[in-house]
1. Evaluate the range 340-362: report whether one residue or more is under 20 Å from residue 239 (Cβ atoms) and either outside the structural domain of residue 19 (by TED's automatic domain parsing) or at pLDDT below 95 (or both).
2. Regarding the range 388-398, can at least one residue be identified that is touching a strand residue (DSSP E or B) at 6+ places or on another chain (Cβ under 7 Å) and part of a loop (DSSP other than H, G, I, E, B)?
3. For a quick check of your reading of the model, give me the residue pairs whose first member lies in the range 56-67 and is more than 15 Å from residue 107 (Cβ to Cβ), whose second is surrounded by fewer than 24 Cβ atoms within 10 Å (Cβ to Cβ) and modelled with pLDDT under 95, with beta-carbon atoms closer than 6 Å and at least 6 apart or on different chains.
4. Give me the residue from the range 412-428 that is at pLDDT 95 or above and surrounded by fewer than 12 Cβ atoms within 10 Å (Cβ to Cβ) and, out of that set, nearest to residue 347 (Cα to Cα).
5. Are there any strands (runs of 3 or more DSSP E) wholly within the range 32-91 with 3 or more residues that are assigned by TED's automatic domain parsing to the domain that holds residue 158, over 24 Å from the mean Cα position of the chain (by Cα) and on the phi < 0 side of the Ramachandran plot, and if so which?
6. Considering only the range 15-31, state which residues are surrounded by fewer than 20 Cβ atoms within 10 Å (Cβ to Cβ) and in a loop (DSSP other than H, G, I, E, B).
7. Can you find a residue that is more than 19 Å from residue 257 (Cα to Cα) and either outside the structural domain of residue 273 (by TED's automatic domain parsing) or touching a strand residue (DSSP E or B) at 6+ places or on another chain (Cβ under 6 Å) (or both) anywhere in the range 188-198?
8. Select, from 379, 360, the only residue that is in a helix (DSSP H, G or I) and closer than 30 Å to residue 20 by Cα.
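The values are calculated or read from the model by the stated rules, or taken from the named source; none is laboratory data. A quick note: this is a predicted structure, and the numbers were derived from the prediction, not measured. Please note: Cβ atoms are built from the backbone with ideal geometry, for glycine as well, and neighbour counts cover all protein chains shown.
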């Protein structure tokens with residue numbers, strides 16, 4: 001946010017260094033209440049966002065991220081804003097009176113338009129039309145395509161999302177479905193996400209979907225998908241409950257109220273995670289479990305990425321390295337390659353690739369590089385070898401418990417790991433070698449079979 005302190009001009013922002021055009025300073029969002037009306041055939045979105053926030057400094061101006069939509073009205077604490085401007089993806093608002101440091105305030109923004117994904121170095125992000133319906137995939141900076149927000153991974157908030165659309169379509173959003181009301185040819189769906197959530201994990205999925213109830217223990221799980229894919233889905237995702245049982249044992253309790261898998265009728269290049277939700281394309285359902293490692297990967301993100309969210313994007317390995325290692329743990333559990341065999345295979349591939357990735361700060365160009373996923377997973381396995389299984393998985397459970405629904409950093413994980421080991425210096429040296437140097441270290445010899 002561009003913040004003016006005590007009425008004087010200022011240009012301080014809280015944009016992430018990897019995504020400097022997004023993110024705003026001067027306040028912390030407590031909740032978003034989104035009331036959306038969407039016409040599928042015309043791709044027309046009309047919305048009202050009510051944003052409740054707390055100022056972290058005195059503010060005579062505040063800003064939000066919003067791209068590609070037209071703002072029609074802005075109110076601050078029930079009064080029309082003295083002025084607002086909307087350009088280059090930023091909504092700047094001047095309240096009628098200065099907001100005091102520490103004061104809670106409410107901003108109402110009314111807006112409309114034809115939402116579309118934005119171009120980014122990582123492809124198109126945000127609200128996107130499908131053949132029939134909508135997919136929203138915002139990581140890392142696409143949330144502004146459908147609601148005004150503080151689009152920074154470290155600012156987590158409560159969400160209540162209401163979507164009204166044509167009745168033949170099924171709507172999925174984050175959290176618990178608290179009501180569904182049909183009037184004439186339109187249905188309003190209301191979802192409430194009580195657990196704090198980063199903007200990039202907020203999502204809406206709309207399609208002609210059926211619902212499958214998959215399990216009620218240890219977690220309620222369901223699938224939302226086209227009827228034609230149900231048979232193959234049951235084979236491809238048939239072991240998802242066993243994955244959930246494994247991960248709750250190794251990582252600790254599942255952090256949300258339920259887990260929903262959405263399968264679109266369109267192919268997707270990669271599956272996508274949102275809080276409490278994973279989204280797969282039709283190409284990930286083949287009846288032969290061809291994408292099962294991805295099923296495990298996306299499920300693991302509910303712990304690593306969604307409950308524990310990186311405080312800034314430089315810590316992305318805490319999402320992807322952990323989720324990749326979860327794939328290998330599932331392989332080991334389900335009779336495939338052991339984790340040690342997966343490590344050896346991945347390490348041999350990495351040896352033949354460029355050595356220019358620093359895991360602890362990969363930079364925006366490499367933050368989603370496959371080498372980050374694999375090297376992050378190998379680093380965890382090396383730590384597992386050093387600590388032993390009991391201490392290592394105890395560490396992971398402590399990690400997910402201590403920072404549940406919070407923001408995390410690499411330093412916080414290193415400190416916790418050092419606490420868990422009798423030789424904290426050895427842990428710090430391990431991470432220094434594996435996280436902070438671009439050169440791939442020598443892989444230690446396993447002291448026992450994994």
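1. Scanning the range 340-362 turns up at least one residue that is under 20 Å from residue 239 (Cβ atoms) and either outside the structural domain of residue 19 (by TED's automatic domain parsing) or at pLDDT below 95 (or both).
2. Initially, the range 388-398 is screened for residues touching a strand residue (DSSP E or B) at 6+ places or on another chain (Cβ under 7 Å), giving none.
Looking for residues that are touching a strand residue (DSSP E or B) at 6+ places or on another chain (Cβ under 7 Å) and part of a loop (DSSP other than H, G, I, E, B), one finds none in the range 388-398, hence no.
3. These pairs meet every condition: 57/5; 58/5; 58/6.
4. That would be 425.
5. Values: elements: 44-55, 62-65, 70-76, 83-87.
Per the criteria, 44-55, 70-76, 83-87.
6. Within the range 15-31, the subset surrounded by fewer than 20 Cβ atoms within 10 Å (Cβ to Cβ) is 15, 17, 20-21, 28, 30-31.
Listed by number, the residues that qualify are 15, 17, 20, 21.
7. At the first step, the residues of the range 188-198 found to be more than 19 Å from residue 257 (Cα to Cα) are 188.
Okay, now just the ones that are also either outside the structural domain of residue 273 (by TED's automatic domain parsing) or touching a strand residue (DSSP E or B) at 6+ places or on another chain (Cβ under 6 Å) (or both), so 188.
Checked the range 188-198: at least one residue is more than 19 Å from residue 257 (Cα to Cα) and either outside the structural domain of residue 273 (by TED's automatic domain parsing) or touching a strand residue (DSSP E or B) at 6+ places or on another chain (Cβ under 6 Å) (or both).
8. After applying the criteria, what remains is 379.
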